[in-house]
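Shown next, in C-alpha cells, is the structure this report addresses.
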Amino acid sequence: PAPRPAVLVARAIFPEVLDKLRQHFEVSDNEHDEDWSAQELIARLQGKAGVLTTGSQRIDAALLQACPQLRIVANMAVGFNNFDVAAMTEAGVVGTNTPDVLTETTADFGFALLLAAARRVTESEHFLRAGRWDRWAYDLFAGQDVHGSTLGILGMGRIGQGIALRGAHGFGMRVIYHNRSRLDPAIEAQCRATYVSKEALLRQADHLVLVLPYTPENHHLIGAAELALMKPTATLVNIARGGIVDDAALAHALRERRIAAAGLDVFEGEPRVHPDLLTVPNVVLTPHIASATRATRLAMAHLAADNLIAFLTQGRALTPVNAPPRLRVAR
Ligand code: 8YV
C-alpha cells in the first residue's frame, strides 16, 4: 500500500479530532500548544502534505516555497487573513476555512457584546466588586436602549445576517447595513435590513456591529474620522478582526465620550491589547472568543480535519477559499 500522507496539527486541538486524523494520516501535533515562530513552523512542516492551523499562523510565499510538499492548509477559522491567498493559488496549494458552523454562535456573541456595552454590564460589575455600591441612584449606570433602536451592520455575510435577524426579530430594531454588494432582496426582506452608504450607516446607527473580513483595503476602516460621524450615544462592536479599527483612535473617542461605549473581541496585534483601551471604562473587552462554545469549536475542528481528509484522500476539499488551476502533486 502507498504510505499514508503526513500532516501537522499546528495548534493543540480536541483529542477526538486528532484520533480521527490518525485514522488517515501520520499525524504530528503541538500537544503543549507552543507558540512556534515562522521558522519553527517551517521546520515542522517538512515532509507534510497538509496542516491544520488557526488565524495566528501566517501562510505566505516564503513558507510555501520552503515547504514544497505542502498541498493543503486547513484553517480552523472562518476568517483567513493569515493566508496569502494569491501566493497559495500560485503555488498550487489549497486553503480551507470553517464557514457556517460558527455563524449562530458568533452572532450570539455579537449581541452579548452589544448588550454588555450598551447596558454597561462589565463596568457596573467592576463597581460592585470594588465594594462601591452603597445606594440606589436614578442615573446609576444608565446606558442606552437596545430594543427599538437602529442597528447598523458593516459586512453583511452569514454572521452579519445572523446579527440582523436577532436585531430585527428579537429586539424590534430597525436594521441598516453596508456591504461590498447589496444583498438579494429576498434576504434583505428576511433580515428586514435596508442597504445604506457607509457614511449613512455611521451617522444613523445607534449600535454598529463590524462583521467584515480583514483585507488590506479594510485596514483602519474605522478611525478618528469615521468615529466622529457616529452619534455620541452610539455603541461600536467589533467581532471581525483587529486592524479594521484604529484602536488608539477608538480609545481616544471613548475617553472623550465621542461615542458612548464599545465591545471588542478582536484587537490590532492581539493577544496584546492597546494600553489605552485597558484604562477606558466604557469598553467591554474579551479575548477573541466569539466562536468559543464547546460545540462550535468542536464543529470547527472537525470541519478543518474533514477538509484535510477529503482533499488528501479524495482530491476535493469541502470548503476551499481558492481554486488553484494547477495543484501541487504528491511527492
Ligand atoms: C477563531 C475566528 O477561533 O473563525 C474566525 O475567523 O476569528 C475565530 O472563530 C480564530 O480565528 C482562531 O483561528
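No value in this document is a laboratory result; all are computed from the given coordinates. What you see is a predicted model; the values in this text were computed from it and never measured. Heads up, the Cβs are rebuilt from the backbone with ideal geometry, glycines too, and the neighbour counts pull from every protein chain shown.
Given the rule -39500 (n - 2.57) for each run of at least 4 DSSP H residues, summed and divided by the residues of the chain, what is its mean residue ellipticity at 222 nm, to the nearest 500 deg cm²/dmol?
-10000 deg cm²/dmol
If one computes P(r) from the Cα atoms of the chain, what percent of pairs lie at distances over 33 Å?
Of all Cα-Cα pairs in the chain, 34 percent lie more than 33 Å apart.
Of GLY269, LEU212, ALA228, which is farthest towards the positive pole of region 103-285's charge dipole, taken about the Cα centre with +1 and -1 on the beta-carbons of Lys, Arg and Asp, Glu respectively?
Of GLY269, LEU212, ALA228, it is ALA228.
What list do you get for LEU202, LEU154 if you sort them by fewest beta carbons within 10 Å?
Ranked by crowding around the Cβ, least crowded first: LEU202, LEU154.
With the chain treated as a Gaussian network of Cα nodes joined by springs under 10 Å, which of LEU254, LEU298, LEU128 yields the largest mean-square fluctuation?
Judging by the Gaussian network model, the answer is LEU128.
Magnitude of the Cβ-charge dipole of the chain, K/R +1 and D/E -1, about the Cα centre, nearest 20 debye?
540 debye
Between HIS24, HIS288, HIS126, which gets the highest mean-square fluctuation from a Gaussian network model of the chain, Cα cutoff 10 Å?
Of the options given, HIS126 has the highest mean-square fluctuation.
Of all beta bridges DSSP finds with both residues in the chain, what is the antiparallel percent, to the nearest 5?
Of the beta bridges lying entirely in the chain, close to 0 percent run antiparallel.
Taking springs between alpha-carbon atoms closer than 10 angstrom, which of GLU104, GLU256, GLU226 fluctuates most in the Gaussian network model of the chain?
Fluctuation is largest for GLU256.
Nearest 20 debye, what's the magnitude of the dipole of region 103-285 about its Cα centre given +1 on Lys and Arg Cβ and -1 on Asp and Glu Cβ?
300 debye
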